[in-house]
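The values are calculated or read from the model by the stated rules, or taken from the named source; none is laboratory data. All values reported here derive from a predicted model rather than from experimental measurement. Positions of Cβ are backbone-derived with ideal geometry, glycine not excepted, and every protein chain shown enters the neighbour counts.
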């Protein structure tokens, strides 16, 4: 009986011990299940201790000019990455010495990285130089949790076309939240071609998974690279720009405020786009980009402002070309119609002054001498035309012609941040004066390109191209081909027709030719080249008037149409016309013979004038 009792006693104890073991085992299994299945952070921590995920950033597409000359390329730099969960006890002073960094900066960046994620890599130090990278790489095994990732920076063959190229910057939270492609630290095109063709230029990111040992040393690909993906380089962009013409245009506009826009009339391709003052595009690349951007933003000359696409001026006398074309099409004037000019024109208490010139004048001689009286009369005749039954209808009809030239709207092309300018509506004048409170003389200044009109230099160049084409234009654009230079960009190949008969354009072309041959623009005549042009002087209530000139050449086979605006420079014939003349000579002949003429422009500065 005693033996039996002992056996029962031991059996009970075994059950208790077995029960305890089973409970502990279940607890351990449950905990292991929690660690491996339910809570992924521990799994991530374990894997991150021996796996490193490296994003392979593709080379951004290159940018060339119309002749295949490389203008924008890439240069390798290095970003120092950190995985905070892997960072242990390191020699902080040595780390900071290698990167020329103070300890407080190190601590604040590491804290920021931890807040982002303990197990995912983030950028700790951007754009390390090759020299710094070489020194740091030798001792990187001492700093577990840190590794280097190669990236590329934009570089420029010439410090030109800044506003056309645009620049690349870090993607902000708004972009990252709306586009899953971008991650913190990624770069994106901010302006210009870089922005308009971001998807083509950026390429496709790749991923490499590498194994590392306890010393943070790379020991090879994970599973022989089975899970790696290749980066796909961005597509190259072939622009419409002519490098030599762009260089020359920026040279001519040194120490001046304004713009030059040149277009190939037959295609709408932008040959050059100059906004002055400008700046070296390299200033917005690299670690100093933020500081340089702030400096440029505070510059009173506003070099960041793209005057070619965003400045909106009254067009002045160059607008007489359009106003006269409308009057001819509406039949309120004939090419031979003559009006006398006594130096001043009175209309219902409104007076318009005119420069001294032979009188009377017809369409051709009125444009040749830029007669304000003639332009005012034919504008009034257009607005007062009885067939419309009222000024609102007549003005809206007149305005429709302006829109057909591209005024008062954007072109919707690959030119980022273009502005539409201003063309007032009949409703605007109804609100301003009351529906019955305005007449043709109320808006008489429109006939000579003043008043409620605002046009951009790009719109003026496009207007000139349309006249050169005798009645149509192709949307101005700056990209000729993508990826393959032999496959042209056909996105802008459709003509935009203007509802004015070709014969009227021929009349205006002849008048513009006379402007250069024996009129207000004769000072800028180019020996051996037939040029058609129109001078303009834009009234500026804040200082000296703006100098404006539009032109195209050759007259019978237009290869270039151009607009030039020089702010605070006075008469169009004195400064804008010479610049346009030199640009046309450079483009058509490849060199400038009139060195004295060139020196006169190069030695003149208008930056001291008030804007």
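Of note:
- Options 383, 378; residue that is modelled with pLDDT of 95 or more, buried (at least 18 other Cβ atoms within 10 Å of the Cβ) and either in contact with a strand residue (DSSP E or B) (Cβ under 7 Å, 6 or more places away or on another chain) or more than 20 Å from residue 503 (Cα to Cα) (or both): 383
- Checking residue 574 against (1) under 29 Å from the mean Cα position of the chain (by Cα); (2) assigned by TED's automatic domain parsing to the domain that holds residue 332; (3) touching a residue at least 24 places away in the same chain (Cβ under 8 Å), the condition it does not meet: (1)
- Qualifying residue in the range 460-475 (condition: part of a helix (DSSP H, G or I) and free of Cβ contacts under 8 Å to residues at least 40 places away in the same chain): no
- Selection status of residue 151, farther than 20 Å from residue 414 by Cβ and surrounded by 14 or more Cβ atoms within 10 Å (Cβ to Cβ): yes
- Test for residue 607: is it outside the structural domain of residue 476 (by TED's automatic domain parsing) and either over 21 Å from residue 517 (Cα atoms) or touching a residue at least 12 places away in the same chain (Cβ under 8 Å) (or both): yes
- Selection over the range 408-429 of residues that are more than 30 Å from residue 168 (Cβ to Cβ) and in contact (Cβ under 8 Å) with a residue 60 or more places away in the chain gives a count of 1.
- Here 352, 333 are screened, and the one residue that is in a loop (DSSP other than H, G, I, E, B), closer than 15 Å to residue 380 by Cα and assigned by TED's automatic domain parsing to the domain that holds residue 501 is 333.
- Close pairs from the range 232-260: first on the phi > 0 side of the Ramachandran plot and not assigned by TED's automatic domain parsing to the domain that holds residue 202, partner in a loop (DSSP other than H, G, I, E, B) and surrounded by fewer than 23 Cβ atoms within 10 Å (Cβ to Cβ), Cβ under 6 Å, at least 6 apart: 255/605; 255/607
- Looking at the range 480-564, the strands (runs of 3 or more DSSP E) lying wholly inside it that each contain 2 or more residues that are touching a strand residue (DSSP E or B) at 6+ places or on another chain (Cβ under 9 Å) and modelled with pLDDT under 95 sit at 532-538.
- Pairing each residue of the range 430-444 that is touching a residue at least 40 places away in the same chain (Cβ under 8 Å) with any residue that is part of a loop (DSSP other than H, G, I, E, B) and surrounded by 12 or more Cβ atoms within 10 Å (Cβ to Cβ), provided the two are 6+ apart or on different chains, yields C-beta distances under 6 Å for 440/384.
- Residues that are touching a strand residue (DSSP E or B) at 6+ places or on another chain (Cβ under 9 Å), in a helix (DSSP H, G or I) and surrounded by 17 or more Cβ atoms within 10 Å (Cβ to Cβ) within the range 285-330 comprise 289, 307, 308, 309, 310, 316, 317, 318, 319, 320, 321, listed in sequence order.
- Index of the failed condition, residue 182 passing every other in (1) touching a helix residue (DSSP H, G or I) at 6+ places or on another chain (Cβ under 6 Å); (2) touching a residue at least 40 places away in the same chain (Cβ under 8 Å); (3) more than 30 Å from residue 97 (Cβ to Cβ): (2)
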